[in-house]
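Have a look at the structure below before the remarks.
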Amino acid sequence: FAMLANVTMMGMLAGLLVQTIKNIAEQEEKKKKLIKNLNSMDDFWKHIARVDADNDGNITRDEFFNMLSDRKTVRLLKKMDVDPESLISLSDFMFVEHKGRLSQKEFKKWVLELRSTQTASLKDHYVTRKFM
């Protein structure tokens, strides 16, 4: 009996160790993706700055749509796992909410929240209900 109990405990401990290592690897992978997306977002903002017609550091609705007609823009968005169609469909709402222009910080936050790897949270549902 003692031998069976020891073998069972060793199996459980090995399972816990494997699960812990798996969780750490997943967290490190998420961290790498986030850093990659932030670097891509910086490249994306540099691209936006070139399209910024009035050079005010903000992006307006017209500048946004002009920017989306460029293939490089679409490639950069897809590199960050952002669907350009979802950006277009939500752009009217975002620009109305921010009085027609988005700062770099607001734009980065908005784009990164629309990544396909993002999962919906309870907060997202509350925000959605607020606007209905």
- Item | Where the chain is the region considered: accessible area per residue in Å², 1.4 Å probe | 74 Å²
- In terms of the Cα gyration tensor, with a ≥ b ≥ c the square roots of its eigenvalues, is segment 71-120 rounded because a/c is under 1.5, prolate because a/b exceeds b/c, or oblate? prolate
- Task: Give me the Debye-computed log₁₀ of I(q)/I(0) at q = 0.12, 0.15, 0.28 Å⁻¹ for segment 1-53, equal point scatterers on Cα only, no solvent, two decimals.
- Result: -0.53, -0.63, -0.96
- Query: So which of LYS22/LYS72; LYS31/LYS99; LYS33/LYS99; LYS32/LYS108; LYS22/LYS108; LYS22/LYS105 end up more than 28 Å apart by C-alpha?
  - Reply: LYS22/LYS72; LYS31/LYS99; LYS33/LYS99; LYS22/LYS108; LYS22/LYS105
- How many percent of the accessible area of the chain is carbon or sulfur, using a 1.4 Å probe? 60 percent
- Message: I'm a student and want to see the number: the projected area of the Cα convex hull of the chain, averaged over all directions, in nm².
- Response: 11.3 nm²
- How large is ³J(HN,Hα), in whole Hz, for each residue of segment 63-78 in order, when computed from phi with the Karplus curve 6.51 cos²θ - 1.76 cosθ + 1.60 and θ = phi - 60°, using x for Gly and Pro? 4, 4, 5, 5, 5, 5, 7, 8, 5, 4, 4, 5, 4, 5, 5, 5
- Query: Which whole-number percent gives the relative contact order of segment 1-82, counting Cα pairs below 8 Å spaced six or more residues apart?
  - Reply: 25 percent
- What residue among LEU76, LEU87, LEU16 shows peak mean-square fluctuation when the chain is described by a Gaussian network model with Cα springs under 10 Å? LEU16
- Item | Phi-based couplings in Hz for segment 24-35 (Karplus 6.51, -1.76, 1.60; Gly and Pro marked x) | 5, 4, 5, 5, 5, 5, 4, 5, 4, 5, 4, 5
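The values are calculated or read from the model by the stated rules, or taken from the named source; none is laboratory data. None of these values were measured; they are calculated from a predicted model. Side chains included, ligands, DNA and RNA excluded: accessible areas come from the protein's heavy atoms. Shrake-Rupley method; radii C 1.70, N 1.55, O 1.52, S 1.80 Å.
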